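The values are calculated or read from the model by the stated rules, or taken from the named source; none is laboratory data. This is a predicted model, so every value here is computed, not measured. Because the Cβ atoms are built from the backbone with ideal geometry, glycine has one as well, and the counts that use them run over all protein chains shown.
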Amino acid sequence: MTERTLVTGGAGFIGTHLCKRLLDEGHEVICLDNFYTGQRANIRPLLSHPRFELVRHDVIEPIRLEVTQIYHLACPASPVHYQANAIQTVKTSVLGTLNMLGLAKRVGARFLLASTSEVYGDPLVHPQREDYWGNVNPIGPRSCYDEGKRVAETLTMDYHRQHHVDVRIVRIFNTYGPNMLENDGRVVSNFICQALREEPLTVYGDGSQTRSFCYVDDLVEGMFRMMQTEAFTGPVNLGNPDEFTVAELAQKVLAKTGSASPIVHRPLPENDPQRRRPDITLAGERLNWAPHIPLDVGLDRTIAYFRQVLAEPAGPAAH
Ligand code: NAD
Ligand code: UDP
Ligand code: UDP
C-alpha cells in the first residue's frame, strides 16, 4: 500500500527535508503550511513531483483530509519567531495538535509529534533522559513554546489512551542545516550569515551556555525510523550528543568561513537554558539510530548553502 502522508509545517526547515525523504521512499506527500516561517523557495523543487501536493492552511482551523500517516511539525521553532506572536504559538501548538489528532482519529492514521528538548526547560539533570520531567517556567517569554509543546505531548498521549490513536513522540534537540531561513534567528544560521557578511557575530551572554547540534539528515532518518517502528510511542530524544559552548561555535564558524568578523556580546535572553545535551540511549536501543554527521561536516555543508543564498538574493531553490 502506498502511504499517503501529511507533513504539517512541511514548508519549514525540517519539513522540506522530510517531504523530500518521504517522496524518495515512494510516499504520496501532502505538505500543509501557512507560510508563517516556511518559504516557498524551499519546496519549489518539489512542486512538479507527481506525488507531491501543497495545501496552504493554518492548523488552528480544522481540516478534513484522507491520509495514512501524519508527521505534525507545524509550529515556529526559533525563539525570535515563536515569541513574536506568543498567543499564536500557543494556539498552533495546542489547537493545531488537537485538530491533527482529531484528524488522525477520524481516518485511523499513524501520528508523529515533533516535540522538543524545550520540554526539559533549563534542565537540572544533565544529559537529559526521556524520564526527566524538566524545569520549565510556565509564565516566561519561552513558555508559549515550551508549555505549548508539553500540552501537545499531553494531548498526544491522551488521544492514545482514550481513543487508541497510534502515536509517536520525538523530542528534537537543536537541529541545523540547509534551508534554514537566513533571518531565522537561531544561532547556527545567525553566526554563518553574520560571518559571511563580515558583520559582528552576536554571542548572547558570555557564550558559556552549551547546545548539542544535530545535522538535519540525521534527524530526518531518526524521525522516519520512529514512524516505522511498531509498538513504541516514545517519547524519544533525537539529537547529537556532542556538546559545544556557543563561544566555541562562534570560533568554529569564523575559522571555517575565514571571516574577519569580530565577536560582540549581547544580553543573554531570559530563561535561556544553560546546558543542553541529549541522552540518546533509548533511540539507540529502540530505533537502532545514532547521528553520523559531525558538526564540522554539517557546518561545511550549511556554510556552502548560505554562501549560495547570500550570493543570489532569490535563493538557490528559486530557479
Ligand atoms: P520552521 O519554523 O522552519 O518550520 C515550521 C513550519 O511550520 C513553517 O513552515 C511554518 O510556516 C509552519 N507553521 C507554523 N505555524 C503554523 C500553523 N499554525 N499552521 C500551519 N503551518 C504552520 O521550524 P523547524 O526547525 O523546521 O521545526 C519544525 C518542527 O520541529 C517544529 O514543530 C519545531 O517545534 C520542532 N523542533 C525543531 C527543532 C530545531 O532545532 N530545528 C528543535 C526542536 C523541535
Ligand atoms: N478535526 C479535524 N479534522 C478531522 C477530524 C477532526 O480538523 O478530520 C478536528 C475537530 O474539528 C476538532 C478536533 O479535530 O476540533 C478534535 O476532534 P475530535 O473528533 O477528537 O473531537 P470533537 O470534535 O469531538 O471535539
Ligand atoms: N544565541 C547567540 N547568538 C545568536 C543566537 C542565539 O548567542 O545570534 C544563543 C542563544 O542565547 C542560546 C543558543 O545560542 O543560548 C541557541 O539559541 P537558538 O536560538 O539557536 O536556540 P535555543 O536552543 O535557545 O532554542
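Residues in region 86-125 that are more than 10 Å from ligand 1 (Cβ to nearest atom), surrounded by fewer than 18 Cβ atoms within 10 Å (Cβ to Cβ) and under 26 Å from S189 (Cβ atoms): A86, I87.
Select the helices (runs of 4 or more DSSP H) contained entirely in region 202-314, then report the ones holding at least 1 residues which are more than 16 Å from ligand 2 (Cβ to nearest atom) and among the aromatic types (F, W, Y).
216-228, 295-311
Given the structure, is Q194 farther than 18 Å from L295 by Cα, touching a residue at least 60 places away in the same chain (Cβ under 8 Å) and not charged (D, E, K, R)? Even if it seems obvious, please write down each step before you answer.
On the way: farther than 18 Å from L295 by Cα: yes; touching a residue at least 60 places away in the same chain (Cβ under 8 Å): yes; not charged (D, E, K, R): yes.
So Q194 passes the test.
Across region 154-195, the number of residues qualifying as more than 10 Å from ligand 1 (Cβ to nearest atom), among the β-branched types (V, I, T) and assigned to a strand (DSSP E or B) comes to 2.
Q39 passes every criterion in (1) more than 9 Å from ligand 1 (Cβ to nearest atom); (2) at pLDDT below 95 apart from (1).
Would you tally the residues in region 228-276 being over 24 Å from the mean Cα position of the chain (by Cα) and crowded, with 18+ Cβ neighbours inside 10 Å? The qualifying residues number 4. Looking only at residues of region 68-85 that are more than 12 Å from ligand 1 (Cβ to nearest atom) and surrounded by fewer than 24 Cβ atoms within 10 Å (Cβ to Cβ), we find that the one that is nearest to the chain's Cα centre (by Cα) is Q83. With respect to (1) of a type outside the set (F, W, Y); (2) more than 11 Å from ligand 1 (Cβ to nearest atom); (3) under 26 Å from G38 (Cα atoms), the lone exception for R286 is condition (3). Scanning region 155-180 for residues being of a type in the set (D, E, K, R), under 10 Å from F111 (Cα atoms) and either within 16 Å of ligand 3 (Cβ to nearest atom) or buried (at least 21 other Cβ atoms within 10 Å of the Cβ) (or both) gives a total of 1.
Inspect region 200-215 for any residue being within 29 Å of K20 (Cα to Cα) and either away from ligand 3 (no atom under 14 Å from the Cβ) or surrounded by fewer than 21 Cβ atoms within 10 Å (Cβ to Cβ) (or both) and give the result as yes or no. The answer is yes; a qualifying residue exists. Among the residues of region 129-151, those identified as within 16 Å of ligand 3 (Cβ to nearest atom) and either outside any loop (DSSP other than H, G, I, E, B) or buried (at least 18 other Cβ atoms within 10 Å of the Cβ) (or both) are N135, V136, R142, S143, C144, Y145, D146, E147, G148, K149, R150. Within region 287-299, does at least one residue satisfy the condition of being closer than 22 Å to P127 by Cα, without any contact (Cβ under 8 Å) to a residue 60 or more places away in the chain, crowded, with 20+ Cβ neighbours inside 10 Å and within 18 Å of the chain's Cα centre (by Cα)? Scanning region 287-299, I find no residue that is closer than 22 Å to P127 by Cα, without any contact (Cβ under 8 Å) to a residue 60 or more places away in the chain, crowded, with 20+ Cβ neighbours inside 10 Å and within 18 Å of the chain's Cα centre (by Cα), so the answer is no. Looking across region 108-121, just one residue is within 16 Å of ligand 2 (Cβ to nearest atom) and within 13 Å of the chain's Cα centre (by Cα), and that is L113. Report yes if some residue within region 273-285 is modelled with pLDDT of 95 or more and farther than 19 Å from H126 by Cβ; otherwise report no. Among the residues of region 273-285, at least one is modelled with pLDDT of 95 or more and farther than 19 Å from H126 by Cβ, which makes the answer yes. Filtering region 72-107 to residues that are without any contact (Cβ under 8 Å) to a residue 24 or more places away in the chain and within 16 Å of ligand 2 (Cβ to nearest atom) leaves nothing.
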